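Please read the structure below before turning to the comments.
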Amino acid sequence: MKTETAIAHAGSAAALAKILQITPGAVSQWGEHVPELRVYQLRNLRPEWFAQEKAA
């Protein structure tokens, strides 16, 4: 998942950080893609964000 997509789903980098219980600074260090373990965490916390992937 691209970082910009995850931020868009959450509404902001700060909101994404709050969902994952990390700092906004950690999110800003990710680069283009969300780290694999954070994607796993998001799949469990926000499965609706991945619903389109399953349909494709």
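Values quoted throughout were computed directly from the atomic coordinates according to the rules given, and no laboratory measurement underlies them. Please read these numbers as outputs of a predicted model, since none were measured by experiment. Cβ placement follows ideal geometry from the backbone for every residue including glycine, while neighbour counts extend to all protein chains displayed.
Side notes on the structure shown:
- Contact order, relative form, for the chain: 33 percent (alpha carbon pairs under 8 Å, 6 or more residues apart, mean separation divided by residue count).
- Computed lengthening from Gln41 to Ile22, 0.36 nm per intervening residue step minus Cα-Cα distance: 5.6 nm
- Using alpha-carbon coordinates, inclination of helix 36-45 to the longest axis of the chain, degrees: 70 degrees
- Less than 5 angstrom separates the built amide H of His33 from those of Thr3, all sequence-distant by 5 or more or on a different chain.
- If you wrap the chain in the convex hull of its Cα atoms and look at it from every side, the mean projected area works out to 3.5 nm².
- Net charge over other residues, Cβ less than 15 angstrom from the Cβ of Gly11 (K, R count +1; D, E count -1): 0
- Expected 222 nm ellipticity per residue - DSSP helices of 4 or more, -39500 (n - 2.57), all of the chain, to 500: -16500 deg cm²/dmol
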